[in-house]
1. Where the second residue is aliphatic (A, V, I, L, M) and part of a helix (DSSP H, G or I) and the first is within 16 Å of ligand 2 (Cβ to nearest atom) and lies in region 57-86, which pairs have Cβ atoms under 6 Å and are six or more apart or on separate chains?
2. Need the failing condition index for residue 120 against (1) crowded, with 24+ Cβ neighbours inside 10 Å; (2) more than 16 Å from ligand 1 (Cβ to nearest atom), just the number.
3. Is it fair to say residue 201 is crowded, with 20+ Cβ neighbours inside 10 Å, touching a Phe, Trp or Tyr at 6+ places or on another chain (Cβ under 7 Å) and in the same structural domain as residue 158 (by TED's automatic domain parsing)?
4. Quick one: residue 188 ticks every box in (1) buried (at least 21 other Cβ atoms within 10 Å of the Cβ); (2) on the phi > 0 side of the Ramachandran plot except a single one, so which number is it?
5. How about region 253-272: which of its residues are more than 24 Å from residue 228 (Cβ to Cβ), buried (at least 24 other Cβ atoms within 10 Å of the Cβ) and near ligand 2 (Cβ under 10 Å from one of its atoms)?
6. For region 234-252, give me each residue that is on the phi > 0 side of the Ramachandran plot, without any contact (Cβ under 8 Å) to a residue 12 or more places away in the chain and crowded, with 19+ Cβ neighbours inside 10 Å.
7. Out of the residues in region 358-390 that are touching a residue at least 12 places away in the same chain (Cβ under 8 Å) and part of a loop (DSSP other than H, G, I, E, B), which is farthest from the chain's Cα centre (by Cα)?
Amino acid sequence: MVTGAKRPFVPITEIEHSAFCRPEDELKAKALAEELKVNVRWQRIPTDYLHLSAEELDQRIGRVRQELGSKVTILGHHYQREEVIKYADYQGDSFKLSRDAASHPESDYIVFCGVHFMAETAGVLCGPHQKVILPNLAAGCSMADMAPMHDVLDAWDDLIELLGDDGIIPMAYMNTIAGLKALCGRHGGIICTSANAVAALEWSYRRSPRVLFLPDQHLGRNTGLKLGLDLEEMVTWNPFKPLGGNTPERLEKAKLILWQGHCSVHTRFTTRQIEAARQRFPDVKIIAHPECTMEVVQAADMDGSTEVIRRVISEAPAGSVWGVGTEISLVNRLAKQNPDKTVFCLDPVVCPCSTMYRIHPAYLLWVLEGLAEGVVVNQIVVDDETRHYSRIALERMLQVV
Ligand code: 13P
Ligand code: SF4
């Protein structure tokens with residue numbers, strides 16, 4: 001792991017993370033009570049769990065995990081901290097984890113170590129006999145929160161009134177609430193992840209001349225460019241302005257309407273960081289997540305989902321050098337797993353995704369011990385109608401890769 005000169009660190013998404021941002025060290029879990037002192041947003045948890053040390057947590061999680069056996073499948077997103085992801089039966093990006101959620105009917109429970117929209121998706125895709133659990137209900141996604149249902153419904157009504165039913169279809173990134181996925185299912189649209197956004201957008205253009213892409217303008221723009229669209233053919237939709245801040249003529253000419261949302265972790269990466277990395281290591285390869293800005297993705301050598309980033313670096317030749325534009329927990333893990341390569345985060349002061357980080361091992365232990373006692377803590381439930389329509393859009397997604 002390459003380390004820069006010591007300098008003050010900058011919290012990304014929330015001030016709460018300033019206490020954890022030690023980019024030159026691995027982020028080791030402290031007792032939950034310690035982490036809460038810096039105002040990490042948290043869900044109430046029985047006080048017994050607050051003061052358990054990392055070692056005690058590890059022992060108890062190991063014990064209860066063994067006791068539960070195949071009754072439980074634990075899924076872990078690549079951004080989860082070490083002390084949590086080590087217990088995941090399956091690790092992956094959002095696309096792979098949705099497939100994993102759909103393919104373990106033998107487990108009564110799926111414990112999703114990730115964020116809320118991922119657990120909700122698992123709840124839609126798994127069988128009716130299964131229950132999905134999110135260890136900490138405060139683990140949301142700030143990008144998903146940028147597209148609340150009422151704002152999107154208002155925008156959708158305006159667009160249909162202007163362009164007609166055949167003039168546009170919706171396409172939602174996985175990082176959305178289930179209600180928006182259902183909107184896609186109802187109106188002939190599709191879901192995508194960063195692993196299949198190009199194929200999903202092609203699918204959409206086979207059915208409609210225009211697409212409303214939400215909520216990540218950057219993934220949308222990067223995907224539009226990959227498909228050969230011109231920047232002139234894309235507009236952003238600002239939910240706080242009438243017609244999203246566009247004229248009717250501009251919307252009629254557009255092929256891709258991009259909801260004005262973003263990821264506060266990935267928009268911290270800059271072309272200046274890439275230039276600095278290239279100066280320091282002339283042979284460096286830059287790989288970025290497509291939630292980064294268009295400028296960053298274009299200045300990188302390649303881009304891809306977290307699973308693609310993991311695979312490319314793991315398969316790279318010994319001695320290669322990688323500057324990575326994604327969340328620090330994954331970059332640190334890749335650096336550790338690839339000691340024969342140099343792997344570093346493009347932003348030397350980047351923090352973890354603060355919401356992914358809310359899955360402290362104490363929460364994992366709490367929900368697992370609950371299951372062992374027959375108590376289901378933090379089940380994520382999607383109502384039947386939302387489940388029905390969001391599943392239609394998700395199944396389309398699973399077929400287009
Ligand atoms: P992946 O699907 O690439 O894992 O991305 C999920 C995510 O939230 C990235 O910020
Ligand atoms: Fe959401 Fe960004 Fe965190 Fe991914 S990294 S879960 S998009 S806030």
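The values are calculated or read from the model by the stated rules, or taken from the named source; none is laboratory data. Computed from a predicted model, the values in this text were never measured in an experiment. Please note: Cβ atoms are built from the backbone with ideal geometry, for glycine as well, and neighbour counts cover all protein chains shown.
1. Listed by first residue and then by second, the contacts come to 75/97; 76/85; 78/330; 79/330; 79/356; 84/364.
2. Among (1) crowded, with 24+ Cβ neighbours inside 10 Å; (2) more than 16 Å from ligand 1 (Cβ to nearest atom), residue 120 violates only (2).
3. No; evaluated as a whole, the condition is false for this residue.
4. (1)
5. Matches in region 253-272: 263, 265.
6. Answer for region 234-252, where residues must be on the phi > 0 side of the Ramachandran plot, without any contact (Cβ under 8 Å) to a residue 12 or more places away in the chain and crowded, with 19+ Cβ neighbours inside 10 Å: there is none.
7. 376
Listed here are the residues, each with its yes/no results for (1) of a type in the set (Gly, Ala, Ser); (2) part of a strand (DSSP E or B).
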site	(1), (2)
212	no, yes
225	no, no
243	no, no
249	no, no
276	yes, no
279	no, no
287	no, yes
296	no, no
